[in-house]
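The values are calculated or read from the model by the stated rules, or taken from the named source; none is laboratory data. Because the structure is predicted, anything quoted here is derived from the model rather than measured. So basically every Cβ, Gly included, is an ideal-geometry build from the backbone, and we count neighbours across all protein chains shown. Just so you know, the surface numbers come from the protein's heavy atoms only, side chains and all, with ligands and any DNA or RNA stripped out. Shrake-Rupley method; radii C 1.70, N 1.55, O 1.52, S 1.80 Å.
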Amino acid sequence: MSTKHKDTDSVARVLTEALPYIRRFAGKIMVIKLGGSAMEDENLLSNFARDLVLLKLVGLHPIAVHGGGRHINEMLGRLGIESSFVQGMRVTDSSTMEVVEMVLAGSLNSSIVTRINLHGGRAIGLTGKDGAMLKARSLQVEVDGKAVDLGRVGEVCSVDKRILVDLSNDGFIPVIAPIGYDDSGASYNINADLAASAVAAELNAEKLILLTDTPGILDADNKTRSQIDSNQI
């Protein structure tokens, strides 16, 4: 058998095996958070974009939420702005927030959108400020029993899903940079995992997929789980 025929048979077999899952998830929403090495490796990022397009073509509604911590670190370093962290959260003053917004909502979001479009999809880049989607409040943390001010680091207090529903139903793939806003219109830097979780919950998504360098979460027996359902949580 020629290599071409082998490749054709392999593709046919994969599609046949995938058919039950395509039927099961057709019309369902999947929220996918992109972070870690997948955002550093050009091939991984291109494969991610291609896979989102494939999901959309077979009838699912993927919604992407991306981080960008390493890119932000690089830009802050170029500008001579020092980074500091508390419990893994970036302390974000007004100057840092400007850089965060520039990187996440600008170059990084646009880059992901472009890759999806190049693979034949129709992606639209958004932040949580678009369509008043992610309303935020200041994230409160305690260290040794004392409250620590992280500046413009936020947590999601409400999600307006209308723009996401409308775009998905119209054939678009929303790509969200996790930047929220408060009652005064000020921008807040939101952890991408938390933003993706809030969006998935509000949309009653079928799946929340986290593409990160972390192998999974620990269960009650301290064992790593790469997949879990709501009952197991």
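Only a single item in (1) within 19 Å of the chain's Cα centre (by Cα); (2) modelled with pLDDT of 95 or more is not met by Leu118, and it is number (1). Residues in region 13-30 that are in contact (Cβ under 8 Å) with a residue 40 or more places away in the chain and either open to solvent by 100 Å² or more (accessible area, probe 1.4 Å) or not aliphatic (A, V, I, L, M) (or both): Phe25, Lys28. Scanning region 128-138 for residues that are surrounded by fewer than 22 Cβ atoms within 10 Å (Cβ to Cβ) and touching a strand residue (DSSP E or B) at 6+ places or on another chain (Cβ under 9 Å), we see that the one that is farthest from Ile176 (Cα to Cα) is Ser138.
Six or more apart or on different chains, Cβ under 8 Å: which pairs go from a residue in region 211-222 that's touching a residue at least 40 places away in the same chain (Cβ under 8 Å) to one that's open to solvent by less than 90 Å² (accessible area, probe 1.4 Å) and assigned to a loop (DSSP other than H, G, I, E, B)? Could you list them? Once the first residue is touching a residue at least 40 places away in the same chain (Cβ under 8 Å) and sits in region 211-222, its partners that are open to solvent by less than 90 Å² (accessible area, probe 1.4 Å) and assigned to a loop (DSSP other than H, G, I, E, B) give Leu211/Gly35; Thr212/Gly35; Asp213/Gly35. Quick check: anything in region 49-66 open to solvent by 50 Å² or more (accessible area, probe 1.4 Å), of a type in the set (Gly, Ala, Ser) and either out of contact with any Pro (no Cβ under 6 Å at 6 or more places or on another chain) or not in a helix (DSSP H, G or I) (or both)? No; the residues of region 49-66 include none that is open to solvent by 50 Å² or more (accessible area, probe 1.4 Å), of a type in the set (Gly, Ala, Ser) and either out of contact with any Pro (no Cβ under 6 Å at 6 or more places or on another chain) or not in a helix (DSSP H, G or I) (or both). In the condition set (1) within 29 Å of Ile22 (Cα to Cα); (2) open to solvent by 40 Å² or more (accessible area, probe 1.4 Å); (3) under 20 Å from the mean Cα position of the chain (by Cα); (4) not β-branched (Val, Ile, Thr), Cys157 is compliant with all but (1). Just one of the listed residues (Ala201, Ala205, Ala177, Ala195) is surrounded by fewer than 18 Cβ atoms within 10 Å (Cβ to Cβ) and either out of contact with any Leu (no Cβ under 6 Å at 6 or more places or on another chain) or in contact (Cβ under 8 Å) with a residue 12 or more places away in the chain (or both), namely Ala201.
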